[in-house]
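First up is the structure itself, then whatever we jot down about it.
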Amino acid sequence: MSERVIVGLAGWGDHNELYPPGTASKDRLAQYGEFFPVVEVDSSFYAIQPPERSARWAADTPSSFRFVVKAYQGMTGHQRGGPGQSPYENAEEMYAAFLESLEPIRAAGKLIVVLFQYPPWFDCTKQNVRLLRETKQRMGDVPCALEFRHQSWFSPEYRDKTIVFMKEQGWIHSVCDEPQAGSGSIPTVLAPTTEDVTIVRMHGRNVAGWNQSGSPNWREIRYLYQYNPEELAEWVGGLELLLRETKQVCVLFNNNSGGHAAGNAKQFMRMLGQTTREIPRQLDLFHTEE
């Protein structure tokens, strides 16, 4: 099983424990690639990145390295507001810019999927199903993963229909481990929808912090969680189930509000029997060796 699972983190800039003090932002991805074989690009959610930047990312990583690129917020409905909210004239221009930004990573053979994570208000309606069809068409032959944040997609009434729809449309399932905190969260559904790959995103289980979007530090505490060994061991069994129907699973740890993602990812890799490079212990200048 070990060789069919790749483990990484959401983003590479915030995991300070991976880098020597003073490491420049531009040098972090190359060093990240010494620890993990895959990363989720989050900056693409906030702004479509210029192709030159994507080309630099591809050049800074090993030939076997892979990227999961998060879809731009204007493509998933997160970007709400009146005229002038989007820097693009229309959807065609926006998608064209996004596809152009992907090209260097695709050309290098390093793209696993583009991750479309939809917001908590994107519920299971005919209009939204139609939007998903249109989105998939706009993306052409680019592999796309789908992650919901509204519970209705996996309600008893719609769960099986949602999975069948994803299979028919070629959407790769992004399976979530996240707090069960009402309609704005989804259960863990161990159901691959494509043979090639399945994504698993580990968001932590901070129930109290999940829905507090009105709090000023909400984004800092939402993913504040450290998985214990028992919880990670459960996922070893979960991967075994997924791998019965899919060739590869990509696991991404997103529980970084408290800096736990890298440590949990390394711990999980060891459980899978994978070789890991240890995270360097930062020296305390005021520590005296006994």
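The values are calculated or read from the model by the stated rules, or taken from the named source; none is laboratory data. Just so you know, these numbers come straight off a predicted model, no measurement behind them. Note that we place each Cβ from the backbone using ideal geometry, even for glycine, and neighbour counts take in every protein chain shown. Surface areas here come from the heavy atoms of the whole protein model, side chains and all, with no ligands, DNA or RNA. Shrake-Rupley method; radii C 1.70, N 1.55, O 1.52, S 1.80 Å.
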- request: List the number of the failed condition for residue 126; all other conditions in (1) at pLDDT below 95; (2) out of contact with any Phe, Trp or Tyr (no Cβ under 7 Å at 6 or more places or on another chain) hold.
  value: (1)
message: Going residue by residue through region 245-258, is there one that turns out to be closer than 18 Å to residue 1 by Cβ and exposed (fewer than 15 other Cβ atoms within 10 Å of the Cβ)?
response: yes
statement: Going through region 135-151 in order, the residues found to be polar (S, T, N, Q) and either closer than 17 Å to residue 98 by Cβ or touching a helix residue (DSSP H, G or I) at 6+ places or on another chain (Cβ under 9 Å) (or both) are 135, 137
- line: Reported set for region 152-198 where residues are at pLDDT 95 or above, polar (S, T, N, Q) and out of contact with any Leu (no Cβ under 9 Å at 6 or more places or on another chain) is 152, 155, 162, 188, 194
- line: Selection over region 220-232 where residues are open to solvent by 50 Å² or more (accessible area, probe 1.4 Å) and among the aliphatic types (A, V, I, L, M) yields a count of 1
query: Name the pairs whose Cβ atoms lie under 8 Å apart, with the first residue in region 230-247 and closer than 15 Å to residue 173 by Cα, the second in a helix (DSSP H, G or I) and charged (D, E, K, R), and 6 or more positions between them or separate chains?
result: 243/4; 247/4
message: Please determine whether any residue of region 162-171 is within 27 Å of residue 256 (Cβ to Cβ), more than 18 Å from the chain's Cα centre (by Cα) and not aliphatic (A, V, I, L, M).
response: no
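For residue 270, indicate whether it is out of contact with any Cys (no Cβ under 9 Å at 6 or more places or on another chain), of a type in the set (Lys, Arg) and not in a helix (DSSP H, G or I).
Numbers: out of contact with any Cys (no Cβ under 9 Å at 6 or more places or on another chain): yes; of a type in the set (Lys, Arg): yes; not in a helix (DSSP H, G or I): no.
It is false that residue 270 is out of contact with any Cys (no Cβ under 9 Å at 6 or more places or on another chain), of a type in the set (Lys, Arg) and not in a helix (DSSP H, G or I).
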- request: Go through (1) over 22 Å from the mean Cα position of the chain (by Cα); (2) open to solvent by 80 Å² or more (accessible area, probe 1.4 Å) and name the single condition residue 86 misses.
  value: (2)
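Please determine, by comparing only the residues of region 33-76 that are among the charged types (D, E, K, R) and part of a strand (DSSP E or B), which one is least open to solvent (accessible area, probe 1.4 Å).
Filtering region 33-76 for residues among the charged types (D, E, K, R) gives 34, 40, 42, 52-53, 56, 60, 66, 70.
Now drop any that are not part of a strand (DSSP E or B), which leaves 40, 66, 70.
Details: 40: 1, 66: 72, 70: 29 Å².
Applying the filter and picking the extreme gives 40.
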- prompt: Going by the conditions given, is residue 103 within 20 Å of residue 138 (Cβ to Cβ) and in a helix (DSSP H, G or I)?
  reply: yes
